[in-house]
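**Q** Submitted below is the structure of interest, expressed as structure tokens.
Read-outs throughout are calculated quantities, based only on the coordinates presented, and are distinct from any laboratory measurement. Note that the structure is a prediction, hence the values are computed from the model and not measured. In this analysis, Cβ positions are derived from the backbone assuming ideal geometry, glycine residues included, and neighbour counts consider all displayed protein chains.
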Amino acid sequence: MPAADGTLTPEDVADWLGVVVDERVTACAEAATAHVLRLRSLSDPLTLFTDAEVHLAATKWAALEYQERSAPQGFDGVDGLGLVTDTSSAKWSIDKMIGVDPVIA
């Protein structure tokens, strides 16, 4: 669930993974936050994570980062159709959920 203050917390990621908060979970939450802010640099960072879809996508991104660090060869995931996919495909899908700011020409 999105935080009222517009953040992604290590607790959000740990709850998703079913683990306790530790340094790795915290680092992955911070990396996911930075990734979202890069994609949505024109969006208000104080309200960005209050959007349920963006918050879920950031949580999933952080979880994949955590799982990749646990398995050097990568971590297989499952896509929306129940098919096994690699993390790069999963991250591509997550990036679509996050979206990008419009390009201003």
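**Q** What number, in percent, do you get for the relative contact order of the range 7-59 if the mean sequence gap of Cα pairs under 8 Å and at least 6 apart is divided by its residue count?
**A** Worked out over the range 7-59, it gives 45 percent.
**Q** For Leu37, Leu64, Leu46, Leu8, what ranking results if the residue with the fewest other Cβ atoms within 10 Å of its Cβ goes first?
**A** Ascending number of Cβ neighbours within 10 Å: Leu46, Leu37, Leu64, Leu8.
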